[in-house]
1. In whole Hz, with x marking every Gly and Pro, tabulate ³J(HN,Hα) for the stretch 83-88 from phi via Karplus 6.51 cos²θ - 1.76 cosθ + 1.60, θ = phi - 60°.
2. Can you run the Rg to Rh ratio on the chain? Use alpha carbon positions and the Kirkwood inverse-distance Rh.
3. With each label point set 7 Å from Cα along the Cα-Cβ vector, what nm distance links Arg30 and Gln68?
4. Out of residues 5 or more away from Leu5 or on other chains, whose amide H comes under 5 Å of its own, with H placed 1.01 Å from N in the peptide plane?
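Please treat every number below as a calculation from the coordinates, not as lab data. Everything numeric in this text was worked out from a predicted model, so none of it was measured. For neighbour counting, all protein chains shown are included, and Cβ atoms are generated from backbone atoms with ideal geometry for every residue, glycine included.
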Amino acid sequence: MKLLLDEMWPPDIAVQLRRHGHDVDAVAARADFRTQPDPVVWAVAQHEARVIVTENVPDFRQMALEYQSQGRVHAGLIFTNNRRHPRHDRRTAGRLVTALLALLASTAVMTGREHWLD
């Protein structure tokens with residue numbers, strides 16, 4: 001499973017996951033990608049077959065529903081929330097890495113699905 005971390009997540013999370021052998025990219029790490037609107041992030045993720053990791057549930061869920069209404073299957077969505085993974089807490093990156101490593105090690109199929117990260 002290939003991941004794309006939305007812009008709210010720092011690129012060092014992707015670096016740590018890559019150290020464990022996973023194909024993970026981060027919006028914030030790509031100069032051509034930063035500050036792009038969500039539909040651009042969505043399109044790139046679909047083109048690259050990457051599961052998006054985001055806390056922006058309303059926008060990405062809507063794009064997934066529209067995509068599916070066209071008879072298409074999206075790469076998948078992993079949702080986080082600021083209560084469980086507060087961005088202001090320096091420990092969050094490590095917790096997020098741990099949770100994503102567990103999901104990446106599982107046999108979960110994300111194509112066309114959404115998953116809430118614990």
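1. 6, 7, 10, x, 5, 7
2. Using only Cα positions, Rg/Rh for the chain is 0.93.
3. 2.4
4. Here Asp25, Ala26, Val27, Val53 satisfy the definition.
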